Amino acid sequence: NVPEDQADKLLLASWGLPKAVLEKYRSLGVVQMFEWQAECLMLGQVLEGKNLVYSAPTSAGKTLVAELLILKRVLETRKKALLILPFVSVAKEKKCYLQ
């Protein structure tokens, strides 16, 4: 569980993302994460580029965790990232999301 003093970590706005990114997520109805998603981002040195392995059911929100990690690293390091998705339909959806 996310400690009470870090409850603001559930809000996407707490993760240092640019306003345009936050507005895009807001337009899609996403303004905060589930507790388990925030916990993933707060584990060890995940935000510094260390590995993270997590498992959750289909449609639980795994992709959001990956997107946030990728966006933060790309914006902070100015390096490119490669996002591999399992289906063409998901790839097309993410292309629209991330443009």
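The values are calculated or read from the model by the stated rules, or taken from the named source; none is laboratory data. All values derive from a computational prediction rather than experimental measurement. When we count neighbours, we look across all protein chains shown, and the Cβ atoms used for this are built from the backbone with ideal geometry, even at glycine. Only protein heavy atoms, including side chains, enter the accessible area calculation; ligands, DNA and RNA are left aside. Shrake-Rupley method; radii C 1.70, N 1.55, O 1.52, S 1.80 Å.
In the range 12-23 there is at least one residue that is closer than 21 Å to Lys95 by Cα, surrounded by 13 or more Cβ atoms within 10 Å (Cβ to Cβ) and of a type in the set (Val, Ile, Thr). Restricting Gln45, Gln32 to those that are free of Cβ contacts under 8 Å to residues at least 40 places away in the same chain, in contact with a strand residue (DSSP E or B) (Cβ under 9 Å, 6 or more places away or on another chain) and within 26 Å of Pro3 (Cβ to Cβ) reduces the list to Gln32.
Starting from residues that are under 17 Å from Val21 (Cβ atoms) and out of contact with any helix residue (DSSP H, G or I) (no Cβ under 8 Å at 6 or more places or on another chain), keep the ones in the range 74-93 and report whichever is surrounded by the fewest Cβ atoms within 10 Å (Cβ to Cβ). Taking the candidates together, the pick is Arg78.
If you go through the range 73-89 and pick out every residue that is part of a loop (DSSP other than H, G, I, E, B) and either of a type in the set (Ser, Thr, Tyr) or in contact with a Lys or Arg (Cβ under 9 Å, 6 or more places away or on another chain) (or both), you end up with 4. Just one of (1) more than 25 Å from Arg78 (Cβ to Cβ); (2) at pLDDT 90 or above; (3) in contact with a helix residue (DSSP H, G or I) (Cβ under 7 Å, 6 or more places away or on another chain) fails for Gly29. It is (3). Annotation: of all residues in the range 24-62 being assigned to a loop (DSSP other than H, G, I, E, B), among the aliphatic types (A, V, I, L, M) and within 14 Å of Leu11 (Cβ to Cβ), the one that is least open to solvent (accessible area, probe 1.4 Å) is Met33. Looking for something over 17 Å from Ser14 (Cα atoms) and in contact (Cβ under 8 Å) with a residue 12 or more places away in the chain - is there at least one such residue anywhere in the range 65-72? Taking every residue of the range 65-72 in turn, none turns out to be over 17 Å from Ser14 (Cα atoms) and in contact (Cβ under 8 Å) with a residue 12 or more places away in the chain. For the criterion of being in contact with a helix residue (DSSP H, G or I) (Cβ under 8 Å, 6 or more places away or on another chain), surrounded by fewer than 12 Cβ atoms within 10 Å (Cβ to Cβ) and modelled with pLDDT under 90, Leu71 fails. When Val65 is tested against (1) within 22 Å of Gln6 (Cβ to Cβ); (2) touching a helix residue (DSSP H, G or I) at 6+ places or on another chain (Cβ under 6 Å); (3) open to solvent by 50 Å² or more (accessible area, probe 1.4 Å), exactly one condition is not met: (3).
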